[in-house]
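Colleague: Okay, handing you the structure first.
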Amino acid sequence: MNKLLMSAAVAALALVAGASASYAQNVQPRLIRFGYGLNEDSNQGRAVRFFAEEVKKRSGDKLKVRTFGAATLGPDVQMQNALIGGAQEMMVGSTATLVGTVKEFAIWDVPFLFANEKEADAVLDGPVGQKLLASLQAKGLVGLVYWENGFRNLTNSRHRIEKAEDIQGIKLRVMQNPVFLDTFKAVGANAVPMAFAELFTALETKAVDGQENPYTTIVSSKFYEVQKYLTVTNHVYSPWVVLASKAWWDKLSEDERKILLDAAVASREFERTDTRKDAQKALDQLKTSGMEITVMPESEVAKLREKAAPVAKTVIDNVGQPLWNEVQADIKKARGTN
Ligand code: KDG
């Protein structure tokens, strides 16, 4: 009896294997232009190339992703418009620059929203984060996955910032986003919205005194060459979002969309792991870069929180109390305190 069962199992396996091998994927040869803002030698660049490789493998080399780093296809907002118009297929950029398209994305910019990466992953990959991604479709964008930009810290060329009051008067570049503008005005900085691509020159020419970004970006964009002081504040967690043009996406077959979505999920896992490893390496590198590093004492960070508290209120008024409550409930669940 066993022999009979064994041969039946082998036959069944062969059938499945044969079927899956002969199942012809409905995949056409396509070129996918994928733009991003950081340098090619950055955590963002590595993740884009990982995604491109995954798509190549999963499509039998039919879907070719051509990557364009260092904002060669333009800053985030310009790329978003190119996707909406169908002139570019994909990009990755900051959720902060999406606020002009879908105002609810401002919720991720509230200072001190997440306390750690675990909470960020749980909320962004959970119902609320996915609901926000889905809301992009009405605006001509397909949000595939979130990646990690990371917790943001301050750099400047003028003086050491240790106390909350030391930020007073610093001309600080911020992302083109109302929450970042409000936050840094609230803590006393002279906040200047600017596209990322212009930032290094603005720091080098002292058009601005400082900026705020994760360690990984401070290293990959060589800000340490034009910034003397680094202050560890971890004042907000920044997500990136991988986007596709909906006009283009709607023309794809189910098989092609599955390949891109599966590759995007695989790239999210790769990117978060790589970025977290790279963050520690970047901080170690900054310690020997000649920058003067100050960890802002918790008592001073608490003053920043207090000064920035009204900003959260403005965001809640704009995005609606229900969405805020959902995010807070998911954060509590991730903290195990619900
Ligand atoms: O294109 C750059 C963005 O991907 C992201 O790095 C934005 O953190 C950002 C900043 O400071 O502009």
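A quick yes/no check of all residues on (1) closer than 20 Å to SER94 by Cβ; (2) surrounded by fewer than 17 Cβ atoms within 10 Å (Cβ to Cβ); (3) within 18 Å of the chain's Cα centre (by Cα); (4) hydroxyl-bearing (Ser, Thr, Tyr):
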| residue | (1), (2), (3), (4) |
| --- | --- |
| LYS222 | yes, yes, no, no |
| GLU225 | no, yes, no, no |
| TYR229 | no, no, no, yes |
| ILE293 | no, yes, no, no |
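Colleague: Restricted to segment 163-175, and to residues that are in contact with an Asp or Glu (Cβ under 7 Å, 6 or more places away or on another chain) and open to solvent by 40 Å² or more (accessible area, probe 1.4 Å), which residue is farthest from the ligand (Cβ to nearest atom)?
Modeller: Taking the candidates together, the pick is LYS163.
Colleague: Moving on to the next point. Could you check how many residues of segment 176-195 are crowded, with 22+ Cβ neighbours inside 10 Å and either away from the ligand (no atom under 15 Å from the Cβ) or not small (Gly, Ala, Ser) (or both)?
Modeller: Of the residues in that region, 5 qualify.
Colleague: Further, regarding this structure: Tell me, please, whether a residue that is in contact with a strand residue (DSSP E or B) (Cβ under 8 Å, 6 or more places away or on another chain) and either under 23 Å from ASN149 (Cα atoms) or small (Gly, Ala, Ser) (or both) can be found in segment 295-309. It would help to see each step written out before you state the result.
Modeller: Keep residues of segment 295-309 that are in contact with a strand residue (DSSP E or B) (Cβ under 8 Å, 6 or more places away or on another chain), which gives 295-296.
Retained after the next criterion (residues that are either under 23 Å from ASN149 (Cα atoms) or small (Gly, Ala, Ser) (or both)): 295-296.
Yes: segment 295-309 contains one or more residues that are in contact with a strand residue (DSSP E or B) (Cβ under 8 Å, 6 or more places away or on another chain) and either under 23 Å from ASN149 (Cα atoms) or small (Gly, Ala, Ser) (or both).
Colleague: Which condition does SER253 not pass, out of (1) farther than 28 Å from THR217 by Cβ; (2) without any contact (Cβ under 8 Å) to a residue 12 or more places away in the chain; (3) not acidic (Asp, Glu), if it passes all the others?
Modeller: Tallying (1) farther than 28 Å from THR217 by Cβ; (2) without any contact (Cβ under 8 Å) to a residue 12 or more places away in the chain; (3) not acidic (Asp, Glu), SER253 fails exactly one: (2).
Colleague: While we're here: In segment 83-139, what residues are assigned to a helix (DSSP H, G or I), of a type in the set (S, T, N, Q) and away from the ligand (no atom under 16 Å from the Cβ)? Even if it seems obvious, please write down each step before you answer.
Modeller: Quick first cut of segment 83-139, residues assigned to a helix (DSSP H, G or I) only: 83-85, 95-98, 103-109, 117-124, 127-139.
Still in the running and of a type in the set (S, T, N, Q): 95, 97, 130, 135, 137.
Answer for segment 83-139, where residues must be assigned to a helix (DSSP H, G or I), of a type in the set (S, T, N, Q) and away from the ligand (no atom under 16 Å from the Cβ): GLN130, SER135, GLN137.
Colleague: For LEU154, which of the numbered conditions (1) touching a helix residue (DSSP H, G or I) at 6+ places or on another chain (Cβ under 9 Å); (2) within 15 Å of the ligand (Cβ to nearest atom); (3) assigned to a helix (DSSP H, G or I) fails to hold?
Modeller: All conditions pass for LEU154, except number (3).
Colleague: Now for a different question. Can you find a residue that is within 16 Å of the ligand (Cβ to nearest atom), over 24 Å from TYR215 (Cβ atoms) and at pLDDT 95 or above anywhere in segment 50-68?
Modeller: yes
Colleague: Give segment 298-338 a look and list any residue that's farther than 23 Å from ALA186 by Cα, open to solvent by 20 Å² or more (accessible area, probe 1.4 Å) and aliphatic (A, V, I, L, M), or say none.
Modeller: ALA329
Colleague: Provide a single number: the residues in segment 275-291 that are buried (at least 18 other Cβ atoms within 10 Å of the Cβ) and in a helix (DSSP H, G or I).
Modeller: So the answer is 6.
Colleague: Select, from ARG66, ARG46, ARG58, the only residue that is open to solvent by 20 Å² or more (accessible area, probe 1.4 Å), more than 30 Å from LYS307 (Cα to Cα) and touching a Lys or Arg at 6+ places or on another chain (Cβ under 6 Å).
Modeller: Working: ARG46 fails: touching a Lys or Arg at 6+ places or on another chain (Cβ under 6 Å); ARG58 fails: touching a Lys or Arg at 6+ places or on another chain (Cβ under 6 Å).
When all the criteria are applied, what remains is ARG66.
Colleague: Has segment 235-254 got at least one residue that is farther than 27 Å from GLN137 by Cα, under 24 Å from the mean Cα position of the chain (by Cα), at pLDDT 95 or above and open to solvent by less than 30 Å² (accessible area, probe 1.4 Å)? Before the answer, list the steps.
Modeller: Applying the first criterion (farther than 27 Å from GLN137 by Cα) to segment 235-254 yields 235.
Among the residues that remain, those that are also under 24 Å from the mean Cα position of the chain (by Cα) are: 235.
With the extra rule that they be at pLDDT 95 or above, the set shrinks to 235.
Among the residues that remain, those that are also open to solvent by less than 30 Å² (accessible area, probe 1.4 Å) are: 235.
Yes, segment 235-254 contains at least one residue that is farther than 27 Å from GLN137 by Cα, under 24 Å from the mean Cα position of the chain (by Cα), at pLDDT 95 or above and open to solvent by less than 30 Å² (accessible area, probe 1.4 Å).
Colleague: Could I ask something else about it? Part of a loop (DSSP other than H, G, I, E, B) and near the ligand (Cβ under 10 Å from one of its atoms), is that true of GLN227? Please lay out each step first, then the result.
Modeller: Details: part of a loop (DSSP other than H, G, I, E, B): yes; near the ligand (Cβ under 10 Å from one of its atoms): no.
When the stated conditions are applied, GLN227 does not pass them.
Colleague: Same structure, new question: Residues of segment 224-240 being among the hydrophobic types (A, V, I, L, M, F, W, C) and either without any contact (Cβ under 8 Å) to a residue 12 or more places away in the chain or in contact with a strand residue (DSSP E or B) (Cβ under 6 Å, 6 or more places away or on another chain) (or both), which ones? It would help to see each step written out before you state the result.
Modeller: Pass one, segment 224-240, residues among the hydrophobic types (A, V, I, L, M, F, W, C): 226, 230, 232, 236, 240.
Those that are among the hydrophobic types (A, V, I, L, M, F, W, C) and either without any contact (Cβ under 8 Å) to a residue 12 or more places away in the chain or in contact with a strand residue (DSSP E or B) (Cβ under 6 Å, 6 or more places away or on another chain) (or both): LEU230, VAL232, TRP240.
Colleague: Does segment 115-137 contain at least one residue that is of a type in the set (Ser, Thr, Tyr), farther than 30 Å from GLY290 by Cβ and open to solvent by 10 Å² or more (accessible area, probe 1.4 Å)?
Modeller: The first filter runs over segment 115-137 and keeps only residues of a type in the set (Ser, Thr, Tyr), leaving 135.
Among the residues that remain, those that are also farther than 30 Å from GLY290 by Cβ are: 135.
Keeping just the survivors that are open to solvent by 10 Å² or more (accessible area, probe 1.4 Å) gives 135.
Yes, because at least one residue in segment 115-137 is of a type in the set (Ser, Thr, Tyr), farther than 30 Å from GLY290 by Cβ and open to solvent by 10 Å² or more (accessible area, probe 1.4 Å).
The values are calculated or read from the model by the stated rules, or taken from the named source; none is laboratory data. Small disclaimer: the values here were computed from a predicted structure and weren't measured. Don't worry about glycine lacking a Cβ; one is built from the backbone with ideal geometry, like all the others, and counts go over all protein chains shown. With ligands, DNA and RNA removed, areas are computed over all heavy atoms of the protein, side chains included. Shrake-Rupley method; radii C 1.70, N 1.55, O 1.52, S 1.80 Å.
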